[in-house]
Amino acid sequence: MRCRLLAAGLAVLTLQACGRDAAAPQPDDKAQLRFASASPDAGALDLLVSGKTIAQGVGSTQASPLVEIDTGRTTGEVRSSGSGNTLASVPLTLQAGKSYTVLVAGPSGALTAMVSVDTGSVGQPPPPVPNPPPVDSGVTNPPPPSRYYARFRIVHAAPDAPPVDPYLQPAGLSLDTMPAFQPFEYGSLALIADMIRLPGDYWVAFTEHGTRKILLDSGTITAEEGELVTVVLGENADKSLRVDVVRE
């Protein structure tokens, strides 16, 4: 009888162990998150999620590398690296297999935090890269390898700005006939997709809405292969407009 009970107990333990293995987190159960700053005067910043430091010492126009993070609903806190004071917070809903960016902009006294899902691209793809590497014969019309292209993201982080239109142009060329996208509204980080371009020199201009009168521009931006370039329309403490270029 004791042998039977012992055998039954061992069987239960074995099943429980198997159940734990099956429920163990898998790589696809994680999300990815980066932190970027376009604040002109906030200094070095940290991002904490659920009390865990995700990025540390991120300065103006800088972005942290992507890190894996648990999924679910939580809150991101932006803190000063020097004092530890919380300057801004943002609610997060993180889903498995997705990548997110938390961006802060504006003066330190009125810091704004926004979150985006890093998905997709807009516009016509650029011409194919000459002599691309061979692909598996079983793949039909594969997408262009992202490492051969640069990605541009244009963000509206200026709550007091007049209506404007954004243009993304190769350096040395005049404005296109149409803006990069419309509408371009405050907080639009979460509403747009990335624009893919061949590596090279570009500039981003912001015009009065519906006109080609340029209010301000980014100057020349050199985009490298595989790089994400985020161009932020932001504000100074006096509410005047500024343009910042954030790189990974």
I'd like to check something: does the range 168-179 contain any residue that is modelled with pLDDT under 95 and within 21 Å of SER240 (Cα to Cα)?
no
Look at VAL204 and say whether it is surrounded by 19 or more Cβ atoms within 10 Å (Cβ to Cβ) and at pLDDT 90 or above.
yes
So, LEU189, is that one modelled with pLDDT under 90 and touching a Lys or Arg at 6+ places or on another chain (Cβ under 6 Å) or not?
no
Find the residue count for the range 155-179, including only residues that are in contact (Cβ under 8 Å) with a residue 40 or more places away in the chain and assigned to a loop (DSSP other than H, G, I, E, B).
8
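With the requirement that a residue be farther than 18 Å from LEU241 by Cβ and either outside the structural domain of ASP176 (by TED's automatic domain parsing) or more than 21 Å from the chain's Cα centre (by Cα) (or both), what does the range 202-223 give you?
In the first step, residues of the range 202-223 are kept if they are farther than 18 Å from LEU241 by Cβ; the result is 202, 220, 222-223.
If the condition is that a residue be farther than 18 Å from LEU241 by Cβ and either outside the structural domain of ASP176 (by TED's automatic domain parsing) or more than 21 Å from the chain's Cα centre (by Cα) (or both), then THR220 is the only one that fits.
Each row is one residue, and each column tells you yes or no for (1) within 16 Å of SER39 (Cβ to Cβ); (2) in a loop (DSSP other than H, G, I, E, B); (3) not assigned by TED's automatic domain parsing to the domain that holds ARG242.
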{"position": "THR74", "(1), (2), (3)": "no, no, yes"}
{"position": "GLU77", "(1), (2), (3)": "yes, no, yes"}
{"position": "GLY84", "(1), (2), (3)": "no, yes, yes"}
{"position": "PRO91", "(1), (2), (3)": "no, no, yes"}
{"position": "GLY97", "(1), (2), (3)": "no, yes, yes"}
{"position": "LEU103", "(1), (2), (3)": "yes, no, yes"}
Which residues, counting only those in the range 37-71, are under 17 Å from LEU94 (Cα atoms) and either of a type in the set (A, V, I, L, M, F, W, C) or assigned to a strand (DSSP E or B) (or both)?
LEU47, LEU48, VAL49, LYS52, THR53, ILE54, ALA55, LEU66, VAL67, GLU68, ILE69
Looking at the structure I just gave you, is LEU66 at pLDDT 95 or above, under 19 Å from the mean Cα position of the chain (by Cα) and not assigned by TED's automatic domain parsing to the domain that holds VAL232?
no
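The values are calculated or read from the model by the stated rules, or taken from the named source; none is laboratory data. No experiment lies behind these values; they were computed from the predicted model shown. Counting neighbours? That spans all protein chains shown, and the Cβs are built from the backbone with ideal geometry, glycine included.
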